[in-house]
Amino acid sequence: MSFRSGLVAILGRPNAGKSTLLNAMVGTKLAIVASKPQTTRTSIQGVLTTAEAQIVFIDTPGIHRSGTLLNRRMMDAVRTAAEGPDVALFVIDALAPYSEQDAHAIDLVKKTGAPAIAALNKIDRLPDKTKLLKLIETYRGLHDFAAYIPISAATGEGLDVLRGEIAARLPESPALFADDYLTDQPERFLAAEIVREKVLRFARQEVPHAVTVAIESWEETEKLLRITAIIYVERAGQKAILIGAKGEALKKIGTEARLELEQSLGRKIFLQTIVRVRPGWREDPEFVAATDWRAER
């Protein structure tokens, strides 16, 4: 049996479950997950290697109309990932009604020129499964998808079928990476993202899009990893929310992030979190570039 390998761009609207799907497909947490749109801000690579194939997933921000400089950079990441993949994996929120924004997202799928698979996600939360047939008919009229696979990224239902459908459409090729290669993310980026994930989960609605995290210091010793993470917001009121009464909110964010980082990195960690106000950072080209680890590559 020949070996197959190739690139798979994970595309879809915000909150479709793309990052949850990436984590489930590779079997470990690579992308942060929160119930806020545009949680993912840059493309993230995750590699699944089996005896028959190596699937290089590229998770992307949700396809949306860009407003701020940050949003435009997010859409640039989506378009870059959509350039020349071997397979386009379009993730659909099966719970959400179809809208014109979905048609806009499919336009990008068409531009990839690659065979496209539609993954209808969140079926574990869909009581009436007959709605899937109507949804498939709707999308069938928009694009000639190679397959329609009902899945639940949260429970794993349908993922084996999805892996098989993807692998079957990859070109015959040797593995692109070593068997133990998992992601292109540096540990610092992962640390910053995990802190941001905790902010998204604990903060109020007004904070998420205005927050970013940068790692200011990273000091490794034999027994301890010391990390200083700066949480940037745009207004003093947002800073007050994140710190909370007597610093309790920030303490909770830091504790949750430290515990997950210790589990992910497999070492003892001292994590210091600091909140700073930087008005209008989302429209500051130098600052936005400085917080993007890919710009330094």
Practice prompt. Return yes when E193 is surrounded by fewer than 19 Cβ atoms within 10 Å (Cβ to Cβ), in contact (Cβ under 8 Å) with a residue 24 or more places away in the chain, more than 17 Å from N121 (Cβ to Cβ) and not aliphatic (A, V, I, L, M) and no when it is not.
Written response: no
Item to complete: Taking the residues in segment 30-54 that are surrounded by 19 or more Cβ atoms within 10 Å (Cβ to Cβ) and at pLDDT 75 or above as candidates, determine which candidate is nearest to T291 (Cα to Cα).
Response: I44
Worksheet, complete the sentence: Checked against (1) in contact (Cβ under 8 Å) with a residue 60 or more places away in the chain; (2) of a type in the set (K, R); (3) surrounded by fewer than 18 Cβ atoms within 10 Å (Cβ to Cβ), K122 satisfies every condition except (3)
Discussion item. Going residue by residue through segment 246-254, is there one that turns out to be of a type in the set (D, E, K, R), in contact with a helix residue (DSSP H, G or I) (Cβ under 7 Å, 6 or more places away or on another chain), over 22 Å from E283 (Cβ atoms) and part of a loop (DSSP other than H, G, I, E, B)?
Written reply: no
Item to complete: Output the number of residues of segment 193-206 satisfying the condition of being outside any loop (DSSP other than H, G, I, E, B) and farther than 21 Å from V47 by Cβ.
Response: 8
Worksheet item: R163: in the same structural domain as A103 (by TED's automatic domain parsing), touching a residue at least 60 places away in the same chain (Cβ under 8 Å) and either among the aromatic types (F, W, Y) or closer than 24 Å to V109 by Cα (or both), yes or no?
Response: yes
Worksheet item: Restricting to segment 141-178, what's the tally of residues that are surrounded by fewer than 16 Cβ atoms within 10 Å (Cβ to Cβ), within 26 Å of the chain's Cα centre (by Cα) and not in a loop (DSSP other than H, G, I, E, B)?
Response: 4
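The values are calculated or read from the model by the stated rules, or taken from the named source; none is laboratory data. These numbers were taken from a predicted model, which means no experiment stands behind them. Ideal geometry is used to build each Cβ from the backbone, glycine not excepted, and the neighbour counts take in all protein chains shown.
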